[in-house]
Amino acid sequence: MHEMALAEGVLQLVEDTARREGARRVQTVVLEIGALASVEVEALRFCFAAVTRDSLAAGAALEIQTVPGAGWCLPCGKRVPMRELHGACPNCGSYQVQPTAGTEMRVKEIAIE
Amino acid sequence: MCTTCGCASGETRIEGEELASAHTHEHIHADGTRHSHPHDHLHAHGHGSDHEHHHPDHGAMPAHGHPHAEGGWHDHADTTHTRPGAATLHYGAGPARAHAPGLSQARMVQIEQDILAKNAAYAAANRSRLAAAAVLALNLVSSPGSGKTTLLVRTLEALKAELPLAVIEGDQETAFDAERIRATGVPALQINTGKGCHLDAHMVGHALDKLPLPEGGVLFIENVGNLVCPAAFDLGEAAKVAILSVTEGADKPLKYPDMFHAAQLMLINKVDLLPYVQFDVEAAIAYARRVNPELEVLTLSASTGEGFAAWLAWLRQRLADVKATRIRQLEAELAKLKGA
């Protein structure tokens, strides 16, 4: 969903930082995307290449670190792995699972020169 | 954030006018004057000689006339003005001020920021502005054709004698919806998102500048008809209201869970058509509560008015909460002032 808007958001953070640091070029952009963040990674890569054209980040490598999903199951009273947002608990089948990890969409760091 | 979902920006229009780019761009002249302008601003500077011109915003753009990613063109007519450090000049502008020319060693810089951080900041600004005016702002989200605008028109007709009201309409194209709203006598502002698939907090902030704020009343923001993208973009609203009509599938809350998860209230609309369609109301509610156990649900018909009393009561209650919060804040401030 809305990967183009996300790519624009990434570019803004990257350019703000790169300019502040006096960078000539951005080599690598490292993102952290949770497995439950509803982001299509391939679509995001495509959009990133499109929005970074003619920017400081033109041609930069995009490294995406995936964070596995996890949640707190209320009936089980423990942390369980989650494969989809709003999915059922793999132990008890309940849908009362609060996601605790895997919803991140962050720009982690950039390599500049 | 530019939220144009196509590559081109400059697509977003508020009442037909182009929305300025989110990012302004600032120059500081040697004499200390500072001016800023949006990126899509077209200008040429004519400079006197020996005029120093810093570009804190430009990073390592080496050329002097340069196109911006947004399509603006920035041209410096005078070639004699100096920039500190010539070709590698911007290197020293960083906080370290120690970047030696020629040594282009890559280094890592931590950012650790949410991708939607800019939108979140605009949303927070909208939220505090709305709270200060004791406005209940609701973000109405649904598929196209669920009856959002009809629902809105009937709601406005029912409340306009009682409360200050205003509407922000989001659609990709046309001002048809805003015209329908204005016909009720309530002020409405149309945002056209062009290729964009959702409203964002920056667009809404601009709309708030132009629209008379309904102080102590309700602002309805009718989002672009889309059950996917608007879920992720906080506009600064008090609550998202998802509308599902009985001519759609009862399983939509499971197919588009993010939206029903983000909503506080689900309105099941067009219930007057229930005898003619196969729509299991109980199943739809159960599916929606599976993704959002706290979701409130009301059933109604925007064309017959069935169920409207409960919807209007919900609105009045939420508005009373907003006002009560504002009154508490103001009283606390007053008490502080009096005590000081």
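Looking across B:207, B:231, one residue alone is assigned to a helix (DSSP H, G or I), touching a His at 6+ places or on another chain (Cβ under 9 Å), buried (at least 22 other Cβ atoms within 10 Å of the Cβ) and in the same structural domain as residue B:319 (by TED's automatic domain parsing). It is B:231.
Determine, yes or no, whether residue A:21 is in contact (Cβ under 8 Å) with a residue 60 or more places away in the chain, within 10 Å of chain B (Cβ to nearest Cβ) and among the acidic types (Asp, Glu).
Working: in contact (Cβ under 8 Å) with a residue 60 or more places away in the chain: yes; within 10 Å of chain B (Cβ to nearest Cβ): yes; among the acidic types (Asp, Glu): yes.
Here the answer is yes, as residue A:21 does meet what is asked.
Restricting segment B:116-142 to residues that are more than 14 Å from chain A (Cβ to nearest Cβ) and of a type in the set (Ser, Thr, Tyr), which is nearest to residue B:329 (Cα to Cα)? Only one residue tops the list, namely B:128.
Taking the conditions (1) free of Cβ contacts under 8 Å to residues at least 40 places away in the same chain; (2) facing chain B (nearest Cβ under 7 Å); (3) within 30 Å of residue A:88 (Cα to Cα) in turn, residue A:9 satisfies each one other than (3).
All of (1) modelled with pLDDT of 95 or more; (2) more than 18 Å from residue B:143 (Cβ to Cβ); (3) surrounded by fewer than 20 Cβ atoms within 10 Å (Cβ to Cβ) hold for residue B:237 with one exception: (3). Cβ-Cβ contacts under 6 Å between residues 6 or more apart (or on different chains), taken from a first residue in segment B:216-232 that is closer than 19 Å to residue A:103 by Cβ to a second residue that is among the β-branched types (Val, Ile, Thr), are listed as B:230/B:141.
Of all the listed residues (A:42, A:8, A:32), the sole one being in a strand (DSSP E or B) and either aromatic (Phe, Trp, Tyr) or modelled with pLDDT of 90 or more (or both) is A:32.
Of the strands (runs of 3 or more DSSP E) lying entirely inside segment B:78-193, those carrying at least 2 residues that are modelled with pLDDT of 90 or more and not assigned by TED's automatic domain parsing to the domain that holds residue B:252 are B:107-114. Taking every residue in segment A:24-50 that is closer than 21 Å to residue B:108 by Cβ and touching a residue at least 12 places away in the same chain (Cβ under 8 Å) and pairing it with any residue that is basic (Lys, Arg) and not in a helix (DSSP H, G or I), at least 6 positions away or on another chain, the pairs with Cβ-Cβ distances below 6 Å are A:30/A:108; A:32/A:106; A:32/A:108. I need the full set of residues from segment B:179-199 which are within 14 Å of chain A (Cβ to nearest Cβ) and closer than 14 Å to residue B:222 by Cα, in order please. Residues satisfying the conditions are B:193, B:197, B:198, B:199.
If you go through segment B:286-306 and keep only what is within 27 Å of residue B:154 (Cα to Cα) and among the hydrophobic types (A, V, I, L, M, F, W, C), you end up with B:288, B:295, B:297, B:298, B:300, B:302.
If I filter segment B:240-272 down to residues being of a type in the set (Lys, Arg) and modelled with pLDDT of 95 or more, which single residue comes out as nearest to residue B:284 (Cα to Cα)?
Within segment B:240-272, the first condition is being of a type in the set (Lys, Arg), and the residues that meet it are B:240, B:252, B:255, B:270.
Imposing the further condition that a residue be modelled with pLDDT of 95 or more reduces the set to B:240, B:252, B:270.
Details: B:240: 18, B:252: 8, B:270: 14 Å.
The selected residue is B:252.
Comparison of B:279, B:260 shows that the only residue that is surrounded by fewer than 21 Cβ atoms within 10 Å (Cβ to Cβ) and hydrophobic (A, V, I, L, M, F, W, C) is B:279.
On the basis of being closer than 30 Å to residue B:107 by Cα, assigned to a loop (DSSP other than H, G, I, E, B), facing chain B (nearest Cβ under 7 Å) and among the hydroxyl-bearing types (Ser, Thr, Tyr), does residue A:55 make the cut?
Yes, satisfied.
Kindly indicate whether residue A:40 is over 18 Å from residue A:57 (Cα atoms), among the acidic types (Asp, Glu) and either out of contact with any Asp or Glu (no Cβ under 6 Å at 6 or more places or on another chain) or more than 7 Å from chain B (Cβ to nearest Cβ) (or both). Yes.
Please verify whether segment B:288-306 includes one or more residues that are touching a Pro at 6+ places or on another chain (Cβ under 7 Å) and in the same structural domain as residue B:149 (by TED's automatic domain parsing).
Applying the first criterion (touching a Pro at 6+ places or on another chain (Cβ under 7 Å)) to segment B:288-306 yields B:288, B:291.
So of that shortlist, the ones also in the same structural domain as residue B:149 (by TED's automatic domain parsing) come out as B:288, B:291.
Yes, there is a match, as at least one residue in segment B:288-306 is touching a Pro at 6+ places or on another chain (Cβ under 7 Å) and in the same structural domain as residue B:149 (by TED's automatic domain parsing).
Please go through segment B:283-309 and pick out each residue that is hydrophobic (A, V, I, L, M, F, W, C), over 17 Å from residue B:240 (Cα atoms) and part of a helix (DSSP H, G or I). Those that are hydrophobic (A, V, I, L, M, F, W, C), over 17 Å from residue B:240 (Cα atoms) and part of a helix (DSSP H, G or I): B:283, B:284, B:286, B:308, B:309. Among the residues of segment A:87-113, those that are assigned to a loop (DSSP other than H, G, I, E, B), more than 21 Å from residue B:113 (Cα to Cα) and either more than 10 Å from chain B (Cβ to nearest Cβ) or touching a strand residue (DSSP E or B) at 6+ places or on another chain (Cβ under 8 Å) (or both) comprise A:87, A:88, A:89, A:90, A:91, A:92, A:93, A:94, A:96.
One residue alone among B:219, B:254 is surrounded by fewer than 23 Cβ atoms within 10 Å (Cβ to Cβ) and either farther than 30 Å from residue B:324 by Cβ or in the same structural domain as residue B:153 (by TED's automatic domain parsing) (or both), and that residue is B:254. The residues of segment B:204-223 that are over 16 Å from residue B:151 (Cβ atoms), touching a helix residue (DSSP H, G or I) at 6+ places or on another chain (Cβ under 9 Å) and aliphatic (A, V, I, L, M), listed by number, are B:204, B:208, B:213.
When B:316, B:289 are checked against the criterion of being farther than 16 Å from residue B:243 by Cα and surrounded by 11 or more Cβ atoms within 10 Å (Cβ to Cβ), B:316 stands alone in meeting it.
The values are calculated or read from the model by the stated rules, or taken from the named source; none is laboratory data. Everything numeric in this text was worked out from a predicted model, so none of it was measured. All Cβ positions, glycine included, derive from the backbone under ideal geometry; neighbour counts span all protein chains shown.
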